[in-house]
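All remarks here apply to the structure that follows.
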Amino acid sequence: MREYESSILHSNELLLDNIGPIRIEQLDHNAVLLNSGWRVDGHILAEKGKELCEQDSSLYGIQKDRDYGKRLGWGLVNHLVECHVKDSTRSLSTAGLLATNAHGTELYLVDTTGLYPCRALAIGSHAKEINACLSKVEFCDMDVEDGADKLLQILRDCRQGKGNEKDGSDGNEIWLIPHESIVEISMLNSDGKGIKRKREILLPPSVEKK
């Protein structure tokens, strides 16, 4: 895989007037963590990730080696497990997607059960529908900008019910996201030269489905 991109949509929280920190947190120059679940717990996990990155730099130097992503990921997993088993702390109600680009791009699912390498994965609300679309896309043939545009299109199509045979008549929930919701995107170049972040309106009012 040459390059990878990560994005998340969280309805009712990512509004146009929201300029504060959202769901994707930069841990250092080579890693970002996208969290799902309780927002406060996700922030706690991200803060632990930043601490682990500083410790890693102290031990191994600023230049990252090939095991950097796995070390960071397992450090986050261990923290989740420690919070779960210790009597003095509570379990963190969060899971995360960790993306690193120290040596090529890597994506991992982080939760209390372990660290899992991924090609493309959605977590959180309506992840099943989005993952069904992601499984049909070959991101290796795209650069990060094209990949981000494709992810946005998948979200728009799922939001508008395209490609979904279920119309809610059988009692299934219909996915409705306010048109003022926005998407936060972080893009990691495979050459390890930093992280680009941007935000996009998911569905402008002018193209809102009637």
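The values are calculated or read from the model by the stated rules, or taken from the named source; none is laboratory data. The structure displayed is predicted, hence computed values, not measured ones. Positions of Cβ are backbone-derived with ideal geometry, glycine not excepted, and every protein chain shown enters the neighbour counts.
Does Val137 count as at pLDDT 85 or above and in contact with a helix residue (DSSP H, G or I) (Cβ under 7 Å, 6 or more places away or on another chain)? Can you show your working first?
On the way: at pLDDT 85 or above: yes; in contact with a helix residue (DSSP H, G or I) (Cβ under 7 Å, 6 or more places away or on another chain): yes.
For Val137, the condition - at pLDDT 85 or above and in contact with a helix residue (DSSP H, G or I) (Cβ under 7 Å, 6 or more places away or on another chain) - is met.
The numbered conditions (1) surrounded by 14 or more Cβ atoms within 10 Å (Cβ to Cβ); (2) within 16 Å of the chain's Cα centre (by Cα); (3) not basic (Lys, Arg) are all true for Ala127 except (1). Scanning the range 129-144 for residues that are of a type outside the set (A, V, I, L, M) and under 16 Å from Leu155 (Cβ atoms) turns up Glu129, Asn131, Cys133, Ser135, Lys136, Phe139.
The residue that is surrounded by the fewest Cβ atoms within 10 Å (Cβ to Cβ), among those in the range 32-74 that are among the aromatic types (Phe, Trp, Tyr) and either within 24 Å of Arg90 (Cβ to Cβ) or in contact (Cβ under 8 Å) with a residue 12 or more places away in the chain (or both), is Trp38.
Which one is farthest from Lys50 (Cα to Cα), of the residues in the range 86-102 that are of a type outside the set (A, V, I, L, M, F, W, C) and touching a Phe, Trp or Tyr at 6+ places or on another chain (Cβ under 7 Å)? Among those that are of a type outside the set (A, V, I, L, M, F, W, C) and touching a Phe, Trp or Tyr at 6+ places or on another chain (Cβ under 7 Å), it is Ser93. Are any residues in the range 1-55 at pLDDT below 50, charged (D, E, K, R) and in contact with a helix residue (DSSP H, G or I) (Cβ under 8 Å, 6 or more places away or on another chain), and if so, which ones? Within the range 1-55, Arg2, Glu3, Glu5, Glu13 qualify.
With respect to (1) assigned to a loop (DSSP other than H, G, I, E, B); (2) crowded, with 20+ Cβ neighbours inside 10 Å, the lone exception for Ile154 is condition (1).
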